[in-house]
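The values are calculated or read from the model by the stated rules, or taken from the named source; none is laboratory data. All figures in this text were calculated on a predicted structure; none of them were measured in a lab. Note that each Cβ is placed from the backbone with ideal geometry, even for glycine, and that neighbours are counted across all protein chains shown. Just the protein is used for accessible areas: all its heavy atoms, side chains included, with ligands, DNA and RNA removed. Shrake-Rupley method; radii C 1.70, N 1.55, O 1.52, S 1.80 Å.
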Amino acid sequence: MAKRALGILLASASVLALAPPAAAVESATNIETIIVTANKRAEPIKEVPMAVTALTSDQLSNLKATSFADFVARVPGMTAVASDPSHTSLVLRGITTQGVGATIGTYLDETPYGSSSALANGTITTPNLDTFDVERVEILRGPQGTLYGASTLGGLLKFVTKAPDPSGFAAEAEVGGEDIDHGEAGAFVKAMVNAPLGDNFAVRAVGYYTDEPGFIDDPVLKQKDVNGGHIQGGRVSALWEASAKLKIRATAILQDIDENADYAEDLTTVGNTLVPLFGDLEQGRVANEFSHVRYRLYNATVNYDFDWAQLTSATSYGTFNDKSLQDVTGLYGTFLRPSLGQKKFTQELRLASAPDQTLEWLAGFYYTHENADLFQDLAPIGYLQLTSSFAETAGFANFVYHFSPAFDVSFGGRWSTNSQNADETGLALAGGKSSENVFTWSVAPRWHVNDDTIVYARIAKGYRPGGPNALPPLTTGLPKQFSSDSLINYELGVKTDMLDHRLSLDVDAFYIDWSDIQLLTVVQGFGINGNGGTAVSEGFEWNASWLPVDGLSLRFGGSYTDAHLTSGTDPILVGAKSGDPLPYNPHWSTSLDADYTFDPMGDFTPFLGVSWAYIGERETDFNPGGRYLLPSYDTVDLRAGVNHDRWSLELYAKNVGDERGVSSLGTTIGSAAAVGATAEASVIRPRVVGISLTGKL
């Protein structure tokens, strides 16, 4: 990932002229089915005719997986490109060019979050939410253009929160601390209360605070552990079961991420090799590059059961704010103070037939409107402000026809229309507008070989909206707008339970044809989004869960992905030719988790676990000056503890081998460039040792 200052936040603006039911987990004797809502219906994951990964609350808790960095490696075909916890770009099946428009959609329950527009840097606005008291995280691989719409080229990530429960009072609290090698110590506290207020009304409240330890030193500022930070937030949800048919749920989610600096280590070139400029885990700055990110989301969901069909209305309003300080003294002699503000309203209304019909159907209407302000202050030189709007209206439908109890076909489509406006003020006066119509579709036949096995195929189209380029009125020779890009995904898979439901296997193979790829370039001093080139992504993925003996649970997953261009791009502006691999896509990635629960020892039940994850070699962003090959790395995590009635104590260690995995790398434009830095590598956290104590009522 290029340095965030100009590689992301200046994207789409002129470059400065100066230049459902609870999810079950493995029981003691068999693997129980997880219920997911991938098709906007509650159904067993093994019945869904597409590649889906679901990480349950128990699995996330066992892994101490509180953010993307902790669980992305457990999702076949998924990688994270991050400069710090608040700016992460997620990639599925290699579908990325590291531009500014998101290729993965993000949902929080019934609500899409993050920008659908490339004008508001949707690729880095993915909400990196703490997973405490989350029911599960669902990841749908492959395009989801029919049911979820725009910017789901690679797939969809969905946080499913736990609903309030009117049946009884419950509470949970977790406290703990971490010590990070080469850095400092941190602590966290989290709590949940579920309070019934009558027989049919309940409120669930969650709060958390994490003091993140830093591990990057700055010899220029003579400061240690400069990249520490704080994460705080929570959510409140109220559920009213007004009748047996009517349910109303309202939810507010808030989270703040404050980082004092990014996770970058400054590098220099020695021969053909990049080595640390100052030393291991060190960067040099004139001032700390802080960032402050704010997530706010409010949703009201109404469900009414007509018996013959269920009506769902989801109304949402969300905001995203990002303010930071970027050191660009090596280029401009001053600091860049970028900020991004986004507001988004969404309304979805859909009607779904009752299940278990010969013809099952779902039809819906979707509307969203978002406004964004991208402000870039280079005082005392000047500023640029890009104000944009995006409005989309869509209608969608999906059908499942059961030809027999063993064979059915689902098929559907979505028609979308969007319009956008952009106006730029400051050092440049510019503007632009665009509109387009897009149709996406999917077809998925499914064959129940027997009660425990399905074989499916899926063909689906996804798209990412185009938009205007903000250009001065008299500009010539530059495109005034860019088109949507789209892809078609071909997938074949099998899901099966074997060995008396002690072994579950999910395997798929895919081929993706991507056309009119959106690319970000700089032309005549302007940041331009354009279309060019084609690409394919092909490979296979697997997920396996096995209970070889009582108490022992094994989970093994991974993928092979070959994603590359099939036609070249402008060699001067983009620097990518046919055959070049897409950015940050490892050919191989895999993970293995093993957990063992001992027989009770009186009132105590001990447990232990180990996890291993491997990320293969990846190439960095397209660059006319050349690309870097990032080395592969693997990490090992350990955990052990004891359960006792209503509380548990756990000791854990992450990245036991103290690996220096690189999650992103880009050329530097900061003060380090003036003292010889060639590039900056954002690294994963060093070895972490922690302890947590959890109590429940």
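General remarks:
- Region 221-270, subset open to solvent by less than 60 Å² (accessible area, probe 1.4 Å) and among the hydroxyl-bearing types (Ser, Thr, Tyr), residue nearest to Ala191 (Cα to Cα): Ser237
- When we screen Phe399, Phe375, Phe403, Phe365 for residues that are among the hydrophobic types (A, V, I, L, M, F, W, C), over 23 Å from Pro143 (Cα atoms), modelled with pLDDT of 95 or more and open to solvent by 20 Å² or more (accessible area, probe 1.4 Å), the only hit is Phe403.
- Asp305 meets the conditions (1) of a type in the set (Asp, Glu); (2) at pLDDT 95 or above; (3) surrounded by 17 or more Cβ atoms within 10 Å (Cβ to Cβ) in every case but one. The failed one is (3).
- Yes/no for Asp165 being open to solvent by 10 Å² or more (accessible area, probe 1.4 Å) and part of a loop (DSSP other than H, G, I, E, B): yes
- Considering Asp322, Asp356, the condition of being over 21 Å from the mean Cα position of the chain (by Cα) and farther than 24 Å from Ala250 by Cβ is satisfied by Asp356 alone.
- When region 546-582 is filtered for residues that are in a loop (DSSP other than H, G, I, E, B) and closer than 16 Å to Met78 by Cα, only Leu582 remains.
- Residues within region 282-298 that are surrounded by fewer than 22 Cβ atoms within 10 Å (Cβ to Cβ) and among the aliphatic types (A, V, I, L, M), tallied: 2
- Count of residues meeting criterion [in contact with a helix residue (DSSP H, G or I) (Cβ under 8 Å, 6 or more places away or on another chain) and either assigned to a strand (DSSP E or B) or within 24 Å of Glu135 (Cα to Cα) (or both)] in region 229-272: 1
- Selection count, region 406-436, where residues are among the hydroxyl-bearing types (Ser, Thr, Tyr) and open to solvent by less than 50 Å² (accessible area, probe 1.4 Å): 4
- When the criteria are applied in full, Asp634 meets the requirement of being farther than 30 Å from Leu336 by Cβ and within 24 Å of the chain's Cα centre (by Cα).
- When region 603-646 is limited to residues that are of a type outside the set (Val, Ile, Thr), touching a helix residue (DSSP H, G or I) at 6+ places or on another chain (Cβ under 9 Å) and over 16 Å from Asn62 (Cα atoms), the one that is most open to solvent (accessible area, probe 1.4 Å) turns out to be Tyr614.
- Looking across Glu172, Glu178, one residue alone is assigned to a strand (DSSP E or B), in contact with a Phe, Trp or Tyr (Cβ under 9 Å, 6 or more places away or on another chain) and surrounded by fewer than 22 Cβ atoms within 10 Å (Cβ to Cβ). It is Glu172.
- Ile512 being open to solvent by 10 Å² or more (accessible area, probe 1.4 Å), of a type in the set (A, V, I, L, M) and either under 30 Å from Glu47 (Cα atoms) or touching a helix residue (DSSP H, G or I) at 6+ places or on another chain (Cβ under 7 Å) (or both): no
- Matching residues, region 475-509, being acidic (Asp, Glu), buried (at least 19 other Cβ atoms within 10 Å of the Cβ) and out of contact with any Phe, Trp or Tyr (no Cβ under 9 Å at 6 or more places or on another chain): Asp497
- Residues in region 81-101 that are small (Gly, Ala, Ser), at pLDDT below 90 and part of a loop (DSSP other than H, G, I, E, B): Ser86, Gly99, Gly101.
- Top-ranked residue in region 569-590 [being in contact with a strand residue (DSSP E or B) (Cβ under 8 Å, 6 or more places away or on another chain) and among the aliphatic types (A, V, I, L, M); ranked as surrounded by the most Cβ atoms within 10 Å (Cβ to Cβ)]: Ala576
- Taken together, Ala677, Ala681, Ala673 contain a single residue that is touching a helix residue (DSSP H, G or I) at 6+ places or on another chain (Cβ under 7 Å), hydrophobic (A, V, I, L, M, F, W, C) and crowded, with 17+ Cβ neighbours inside 10 Å, which is Ala673.
- Qualifying residue in region 351-358 (condition: among the charged types (D, E, K, R) and surrounded by 15 or more Cβ atoms within 10 Å (Cβ to Cβ)): no
- Among the residues making up region 684-697, those that are open to solvent by less than 10 Å² (accessible area, probe 1.4 Å) and in contact with a Phe, Trp or Tyr (Cβ under 7 Å, 6 or more places away or on another chain) are Pro686, Gly690.
- Selection of first residues in region 477-489 that are of a type in the set (Gly, Ala, Ser) and of second residues that are crowded, with 22+ Cβ neighbours inside 10 Å, restricted to Cβ pairs under 7 Å at least 6 apart or on distinct chains, gives the following pairs, ordered by first then second residue: Ser483/Gly466; Ser484/Val438; Ser484/Tyr463; Ser484/Arg464; Ser484/Pro465; Ser484/Gly466; Ser486/Gly462; Ser486/Tyr463.
- Count of region 456-474 residues which are hydrophobic (A, V, I, L, M, F, W, C), farther than 17 Å from Val443 by Cβ and buried (at least 22 other Cβ atoms within 10 Å of the Cβ): 2
A quick yes/no check of all residues on (1) among the aliphatic types (A, V, I, L, M); (2) in a strand (DSSP E or B):
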{"site": "Ala613", "(1), (2)": "yes, yes"}
{"site": "Asp637", "(1), (2)": "no, yes"}
{"site": "Val642", "(1), (2)": "yes, yes"}
{"site": "Pro686", "(1), (2)": "no, no"}
{"site": "Thr694", "(1), (2)": "no, yes"}
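- Hey, Thr125 in contact with a Phe, Trp or Tyr (Cβ under 7 Å, 6 or more places away or on another chain), open to solvent by less than 10 Å² (accessible area, probe 1.4 Å), modelled with pLDDT under 95 and closer than 24 Å to Ser388 by Cβ or not: yes
- Region 83-96, subset under 11 Å from the mean Cα position of the chain (by Cα) and within 30 Å of Leu325 (Cβ to Cβ), residue surrounded by the most Cβ atoms within 10 Å (Cβ to Cβ): Ser89
- Residue in region 44-56 that is modelled with pLDDT under 90, assigned to a loop (DSSP other than H, G, I, E, B) and among the small types (Gly, Ala, Ser) present: no
- Restricting region 149-162 to residues that are open to solvent by 10 Å² or more (accessible area, probe 1.4 Å) and in a loop (DSSP other than H, G, I, E, B), the residue that is nearest to Ile488 (Cα to Cα): Ala150
- Test: Ala509 is at pLDDT 95 or above, in a strand (DSSP E or B) and farther than 22 Å from Thr33 by Cα: yes
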